[in-house]
Amino acid sequence: MAKTGTTTQGLRAAIERSGYYPALVAEAVEAAVGGEPVASYLVHQETTFDSNEVRRHVTVLVLTGTRFIVSHTDEQAADGTSPSPYATTAAESVKLERISSVVLTRVVANPESYTPGTLPREVVLNIGWGAVSRIDLEPAACGDPNCDADHGYTGSSTADDLSLRVSEAGDGPDTVRQTLAFAQALSEATAAPAATTAGAATAR
């Protein structure tokens, strides 16, 4: 389930409609947003099954004029640290200029007959700002199949700060549309400072 839109009031209403500890989630998000106007937001709730337990998780993404805010809230069963169930919530505030990538992957059915504007079957939104990176390494090799020399390792480093997947089958078409809308708003916001700087340099 996801809700998107603009205005602080709409954000609070979307959090309350999710029904997932709304007072806790709203307090964390609103404290991070502060007095800034909300340009766009996305509230996404997902349910996972862990052995015999059902756990819920909610992600709230907020775009303001200067920052991208991401909040995660999880519920936990009673364990050795707590005799009763509990929830954890965290909110991170990222300056827009720190965002290094906004990747939107679209999965479409029957691509040979795709019509522009058709809703993707699934979308995955990846946002990177340098907080978390994943390095994939593998032994390097040369072109000689008989060579047994040690060529070290080769690999790649990718940003892995946030990955949000929604599908038409699992979350509904509205959720897919809402994710597309937020991704576009964030992409445009992160491009704006660069465009302004380029324009100023050209003017000089």
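The values are calculated or read from the model by the stated rules, or taken from the named source; none is laboratory data. All of these numbers come straight from a predicted model, not from anything done at the bench. The area values use the complete protein model at the heavy-atom level, side chains included, leaving out ligands, DNA and RNA. Shrake-Rupley method; radii C 1.70, N 1.55, O 1.52, S 1.80 Å.
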Original post:
Probe 1.4 Å, all protein chains in place: accessible area of His72 in Å², nearest 10?
Top reply: 70
Subject >> Fully extended contour minus Cα-Cα distance, from Val103 to Cys147, at 0.36 nm per residue >> reply: 12.0 nm
Subject >> the stretch 17-79 - percent relative contact order, Cα under 8 Å, separation 6 or more >> reply: 29
